[in-house]
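Here is the structure we will look at.
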Amino acid sequence: MTEIVETEPSAPGREFTLAAALQTYFPGVLVSLIIAIAATFLSEHYGGPVMLFALLLGMAFYFLSQEGRCVAGIEFASKTILRIAVGLLGAQITIAEIMKLGATPVVTVICTVVLTILFGVLAARVMGLDRLFGILTSGAVAICGASAALAISSVLPKSEHRERDTVFTVIGVTALSTIAMIVYPLIISIFHLDRAAVGMFLGGTIHDVAQVVGAGFSVSEETGNVATFTKLLRVAMLLPLVVTLSFVFHAHNTAKAGRQLPGFLIVFAALIVLNSTGIIPQPVLVIIKDVSRWCLVTAIAALGMKTSLKAMAEVGGRAIALIVVETVFLATLVLAIVLWRP
């Protein structure tokens, strides 16, 4: 009898907890997903970056993140779903693809990523901006645009303006990446480089993967392939960077010593290894990539709903100048390496 009395209340309690969680998070997550679907529709039918559409549409529903039933779900989508998306990005990279690039692109990418981030931190300080903002923007510029901004933001220390700065960075790198996709092929054609060198430049400078592919294959198939591989190497730099930032900003806190390496980074690394061995069937890889993409767009829609136009206006001209200067620095650095490579 004693066992019956102890166990009967516990099962309904667990059911109630699950039901309560669904009731708490479902409305906000559903709204974020609907906005993601709308953004995807606009992108596929009218062109333009899906991430930017998701942000702008989300910002139109800012009021939902302030009060009401959607608040908790929007918070969940902007954080937990974001981490899931970043973890699943590992399925897009293999060690063989990285090794296939050879020594020159590998060294080029590592040097340009490190130097761009150091430059961004220094430039932010010179402009009177926060050091963390410099890390966020330069990391997004150096690696893979919006995805990198979201991943880096997830491990930076909490601050009053972190989410606003993240949204600004996503908008900034997406806009600059679209401009670069059009302008960079015209600029690089002046130097009469071979197609592989042009691919290295485009893959080493343009922020988002889609724009790299668009710019590269607009020149030639060979250029497109080299640009894509170079870009994938930059994406691979996301893992060591986020792991490093996680340790730097949390190592001093002994209470967090057991969880300095976030779970989504472990998933990211594990998927790279599994994808490299060929264990994951191709249909499963396609599903993982689709889930990652939808999670990213949903998370960005949620971030948009948490950002007001007034808050964005408060970022100021110096922040815009910083992200432009970082972009120009990266392009100049990669161009110099490509021109003077052996």
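The values are calculated or read from the model by the stated rules, or taken from the named source; none is laboratory data. These numbers come from a predicted model, not from an experiment. Cβ: placed from backbone, ideal geometry, glycine included. Neighbour counts: every protein chain shown. Accessible surface is based on the protein model in full, side chains and every heavy atom, while ligands, DNA and RNA are left aside. Shrake-Rupley method; radii C 1.70, N 1.55, O 1.52, S 1.80 Å.
For the subset of region 128-138 comprising residues that are part of a helix (DSSP H, G or I), of a type outside the set (Phe, Trp, Tyr) and in contact (Cβ under 8 Å) with a residue 40 or more places away in the chain, which member is most open to solvent (accessible area, probe 1.4 Å)?
Within region 128-138, the subset part of a helix (DSSP H, G or I) is 131-138.
Filter once more, keeping what is of a type outside the set (Phe, Trp, Tyr): 131-132, 134-138.
Narrowing further to those that are in contact (Cβ under 8 Å) with a residue 40 or more places away in the chain: 134-135, 137-138.
Values: Gly134: 0, Ile135: 16, Thr137: 0, Ser138: 0 Å².
So the residue we want is Ile135.
So Arg162 ticks every box in (1) buried (at least 23 other Cβ atoms within 10 Å of the Cβ); (2) under 19 Å from Leu56 (Cα atoms); (3) free of Cβ contacts under 8 Å to residues at least 40 places away in the same chain but one. Which box is left unticked?
Of everything listed in (1) buried (at least 23 other Cβ atoms within 10 Å of the Cβ); (2) under 19 Å from Leu56 (Cα atoms); (3) free of Cβ contacts under 8 Å to residues at least 40 places away in the same chain, Arg162 misses just condition (1).
Exactly one condition in (1) part of a helix (DSSP H, G or I); (2) surrounded by fewer than 20 Cβ atoms within 10 Å (Cβ to Cβ) is false for Ala85; which is it?
(2)
If I filter region 200-244 down to residues being acidic (Asp, Glu) and free of Cβ contacts under 8 Å to residues at least 40 places away in the same chain, which single residue comes out as farthest from Ala336 (Cα to Cα)?
So the first thing to find is which residues in region 200-244 are acidic (Asp, Glu), and the list is 208, 221-222.
Those still in the list that are free of Cβ contacts under 8 Å to residues at least 40 places away in the same chain too: 221-222.
Numbers: Glu221: 24, Glu222: 21 Å.
Taking the candidates together, the pick is Glu221.
Looking for whichever is over 22 Å from Val141 (Cβ atoms) and open to solvent by less than 70 Å² (accessible area, probe 1.4 Å) here; the options are Thr116, Thr112, Thr80, Thr108. Which one fits?
Numbers: Thr116 fails: over 22 Å from Val141 (Cβ atoms); Thr112 fails: over 22 Å from Val141 (Cβ atoms); Thr108 fails: over 22 Å from Val141 (Cβ atoms).
After ruling out the rest, the residue left standing is Thr80.
Where residues in region 89-100 are open to solvent by less than 30 Å² (accessible area, probe 1.4 Å) and either closer than 20 Å to Ala197 by Cβ or of a type in the set (A, V, I, L, M, F, W, C) (or both), which of them is modelled with the highest pLDDT?
As a first pass, look at region 89-100 and keep what is open to solvent by less than 30 Å² (accessible area, probe 1.4 Å): 89-91, 93-94.
Checking the rest, the ones that are also either closer than 20 Å to Ala197 by Cβ or of a type in the set (A, V, I, L, M, F, W, C) (or both) come to 89, 91, 93.
Working: Leu89: 75, Ala91: 81, Ile93: 70.
Step by step, filter region 89-100, then rank; the result is Ala91.
In region 48-74, how many residues are closer than 21 Å to Ala85 by Cα, small (Gly, Ala, Ser) and open to solvent by 60 Å² or more (accessible area, probe 1.4 Å)?
So the answer is 0.
Restricting attention to region 280-298, which residues are among the hydrophobic types (A, V, I, L, M, F, W, C) and modelled with pLDDT of 85 or more? Reasoning before the result, please.
Kept after step one, since they are among the hydrophobic types (A, V, I, L, M, F, W, C), are these residues of region 280-298: 280, 284-288, 291, 294-297.
Result: Ile280, Val284, Leu285, Val286, Ile287, Ile288, Val291, Trp294, Cys295, Val297.
Among the candidates Ala180, Ala197, Ala149, single out the residue that is open to solvent by less than 40 Å² (accessible area, probe 1.4 Å), more than 19 Å from Leu339 (Cβ to Cβ) and at pLDDT 85 or above. If you could, list the steps in order and put the result at the bottom.
Numbers: Ala180 fails: more than 19 Å from Leu339 (Cβ to Cβ); Ala197 fails: more than 19 Å from Leu339 (Cβ to Cβ).
Just a single option satisfies the conditions, and that option is Ala149.
Take Arg125 and tell me if it is in contact with a helix residue (DSSP H, G or I) (Cβ under 7 Å, 6 or more places away or on another chain), over 30 Å from Ile279 (Cα atoms) and without any contact (Cβ under 8 Å) to a residue 12 or more places away in the chain. Explain how you work it out, then say what you get.
Details: in contact with a helix residue (DSSP H, G or I) (Cβ under 7 Å, 6 or more places away or on another chain): yes; over 30 Å from Ile279 (Cα atoms): yes; without any contact (Cβ under 8 Å) to a residue 12 or more places away in the chain: yes.
Yes: the conditions hold for Arg125.
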